[in-house]
Amino acid sequence: MYMDDKVNMRQTDMVVVAVCDGYDAIAKTPFLKWAEEKGFYNHQKLVDEGFLVEARDGQYRMKTMDELMDADVPKDKVPKNILHLFQVCTQDFGLE
């Protein structure tokens with residue numbers, strides 16, 4: 001198992017949880033660039049899969065649940081809250 005002697009920690013000794021309240025809340029923060037560099041956010045994949053769409057002003061926005069659901073799903077059955085969980089293991093103990 002990987003051990004970082006500088007901080008005397010193993011990879012499994014620490015858990016960091018990042019809670020982001022939707023794409024719009026974090027879209028203009030440095031978090032997205034950092035997350036993409038660390039490998040747990042992929043902007044192009046979200047565009048390619050149709051979750052992010054580009055507006056006329058060049059800014060991206062996440063599609064709403066209504067837009068993502070099949071047309072035959074009744075509006076009252078469209079989920080209001082969705083939780084996505086991702087696990088990424090990294091050996092980068094450096095803080096930026």
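The values are calculated or read from the model by the stated rules, or taken from the named source; none is laboratory data. The shown structure was predicted, so the numbers you read here are calculated from the model rather than taken from an experiment. Counting neighbours? That spans all protein chains shown, and the Cβs are built from the backbone with ideal geometry, glycine included.
For this structure, a couple of remarks:
- With respect to (1) exposed (fewer than 12 other Cβ atoms within 10 Å of the Cβ); (2) in contact (Cβ under 8 Å) with a residue 40 or more places away in the chain, the lone exception for Gln59 is condition (2).
- Residue check, Val7 part of a loop (DSSP other than H, G, I, E, B), among the β-branched types (Val, Ile, Thr), over 24 Å from Asn81 (Cβ atoms) and modelled with pLDDT under 90: yes
- One residue stands out in region 16-48 among those that are of a type in the set (S, T, N, Q) and part of a loop (DSSP other than H, G, I, E, B): the one that is modelled with the lowest pLDDT, namely Thr29.
- Residues satisfying the stated conditions in region 62-80, i.e. touching a residue at least 12 places away in the same chain (Cβ under 8 Å) and part of a loop (DSSP other than H, G, I, E, B): Lys63, Val78, Pro79, Lys80
- Failed item in (1) in contact (Cβ under 8 Å) with a residue 40 or more places away in the chain; (2) touching a helix residue (DSSP H, G or I) at 6+ places or on another chain (Cβ under 6 Å), with Leu52 passing the rest: (1)
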